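Working notes, structure below.
The values are calculated or read from the model by the stated rules, or taken from the named source; none is laboratory data. Because the structure is a prediction, the values reported are computed rather than measured. Cβ atoms come from the backbone with ideal geometry, glycine included; neighbour counts cover every protein chain shown.
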Amino acid sequence: IKKIGVLTSGGDAPGMNAAIRGVVRTALTEGLEVYGIEDGYLGLYENRIRKLERHSVSDVITRGGTFLGSARFPEFKEKETRKVAIENLRKNGIDALVVIGGDGSYMGAMRLTEEGFPCIGLPGTIDNDIRGTDYTIGYFTALQTAVEAIDRLRDTCSSHHRISVIEIMGRGCGDLTLNAAVAGGCEFMIIPEITCTKEDLIQEIKLGFDKGKKHAIVAVTELMLDVNQLAKDIQDAVGHETRATVLGHVQRGGSPVPYDRILGSRMGAYAVELLLQGHGGRCIGIQNGKLAHHDIIDAINNMKRPFDMDLFNTAKRLF
Ligand code: F6P
């Protein structure tokens with residue numbers, strides 16, 4: 001291979017820039033040309049592709065987001081759309097593609113590979129929900145942001161003897177919520193992996209207040225329930241003022257913490273190594289501290305993400 005492309009796709013994540021930089025600098029060191037595709041699969045479809053040099057990735061390692069831009073582009077599920085994308089890649093003389101993104105981006109990379117264009121997937125998402133890796137690029141920065149938010153809420157809800165409900169991102173994955181809850185000393189949580197009804201939760205909170213609690217923080221993974229309604233129900237049942245906070249896209253921004261920069265850099269460099277070894281259709285992970293790669297199809301179809309039940313049990317004992 002002589003020319004490779006790189007794109008970021010789906011929800012952005014802090015550390016994506018470090019990953020692009022890892023790809024670009026390693027590829028150039030190895031004598032390859034690198035092309036950046038703007039706005040993910042959308043830009044690929046629209047042939048918005050530009051050559052990247054060493055200086056194109058200067059000063060990006062500290063920046064959140066992705067300087068290449070990203071997009072959600074559901075049309076990429078259509079074979080006809082991907083056909084145009086492959087034509088564009090070939091027109092630009094690109095031999096292989098590095099895709100940095102979440103689940104949806106992996107699906108696109110898997111399809112392109114099946115249709116004859118070799119791709120390598122890098123896990124870039126704050127959700128930490130990608131199979132074949134212990135951690136995703138962006139997760140630790142988002143965790144830091146969520147914990148800082150909880151700390152701030154603690155100050156005000158302790159002053160006012162209130163209950164605070166905080167909604168944390170993660171889509172169907174409770175890792176951000178669970179870890180932020182433990183680090184932020186939250187008393188209660190609702191996460192997708194553990195069944196807990198609203199009634200159970202309210203009962204637990206009541207018990208806590210019967211034992212003398214003066215304030216509490218409840219961490220809830222997004223999409224589980226309406227946190228404003230939950231706050232109202234808790235207030236009615238427990239008799240303490242309750243406020244809801246939706247942390248939202250604040251969690252997606254910010255300068256990446258060192259771990260995300262290092263992970264992005266390592267994974268970016270590893271993607272180029274794999275391509276040079278002739279691999280395609282692989283996704284990269286970090287497992288027990290070591291870089292690993294798996295067949296994307298196998299990762300998507302067969303691998304499971306383990307849930308940290310030990311941490312959940314610890315959290316329960318700390319409430
Ligand atoms: O996948 C990252 C993520 O931030 C999820 O946590 C969240 O559900 C989703 O993206 C939000 O997507 P959008 O930015 O398209 O609203």
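Identify all residues within the range 209-234 that are of a type outside the set (A, V, I, L, M, F, W, C), more than 30 Å from residue 141 (Cα to Cα) and crowded, with 16+ Cβ neighbours inside 10 Å; write none if there are none. Hits for the range 209-234 are 213, 233. Name the residue that is farthest from the chain's Cα centre (by Cα), counting only residues in the range 61-107 that are in a loop (DSSP other than H, G, I, E, B) and free of Cβ contacts under 8 Å to residues at least 60 places away in the same chain. The extreme case among them is 78. Tell me which residues, restricted to the range 166-204, are hydroxyl-bearing (Ser, Thr, Tyr) and closer than 17 Å to residue 140 by Cβ. Result: 177, single match. Kindly indicate the residue of the range 115-148 that is touching a residue at least 60 places away in the same chain (Cβ under 8 Å) and in a helix (DSSP H, G or I) and also nearest to the ligand (Cβ to nearest atom) among those meeting that condition. Among those that are touching a residue at least 60 places away in the same chain (Cβ under 8 Å) and in a helix (DSSP H, G or I), it is 142. Is there a residue being away from the ligand (no atom under 16 Å from the Cβ), surrounded by fewer than 23 Cβ atoms within 10 Å (Cβ to Cβ) and not basic (Lys, Arg) anywhere in the range 14-26? Yes, there is a match, as at least one residue in the range 14-26 is away from the ligand (no atom under 16 Å from the Cβ), surrounded by fewer than 23 Cβ atoms within 10 Å (Cβ to Cβ) and not basic (Lys, Arg). As a summary of the residue check, residue 50 satisfies the conditions (1) without any contact (Cβ under 8 Å) to a residue 12 or more places away in the chain; (2) in a strand (DSSP E or B); (3) not small (Gly, Ala, Ser) except for the one numbered (1).
Yes or no, residue by residue, for (1) at pLDDT 95 or above; (2) within 16 Å of the ligand (Cβ to nearest atom); (3) touching a helix residue (DSSP H, G or I) at 6+ places or on another chain (Cβ under 9 Å):
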{"residue": "212", "(1), (2), (3)": "no, no, no"}
{"residue": "221", "(1), (2), (3)": "yes, yes, yes"}
{"residue": "233", "(1), (2), (3)": "yes, no, yes"}
{"residue": "237", "(1), (2), (3)": "yes, no, yes"}
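Among the residues making up the range 165-197, those that are away from the ligand (no atom under 16 Å from the Cβ), assigned to a loop (DSSP other than H, G, I, E, B) and not small (Gly, Ala, Ser) are 186, 187, 194, 195, 196, 197. Residues that are over 15 Å from residue 247 (Cβ atoms) and in contact with a Leu (Cβ under 8 Å, 6 or more places away or on another chain) do occur in the range 103-115.
Could you list all residues from the range 108-126 that are within 9 Å of the chain's Cα centre (by Cα) and either surrounded by fewer than 24 Cβ atoms within 10 Å (Cβ to Cβ) or of a type in the set (Val, Ile, Thr) (or both)? Those that are within 9 Å of the chain's Cα centre (by Cα) and either surrounded by fewer than 24 Cβ atoms within 10 Å (Cβ to Cβ) or of a type in the set (Val, Ile, Thr) (or both): 125, 126.
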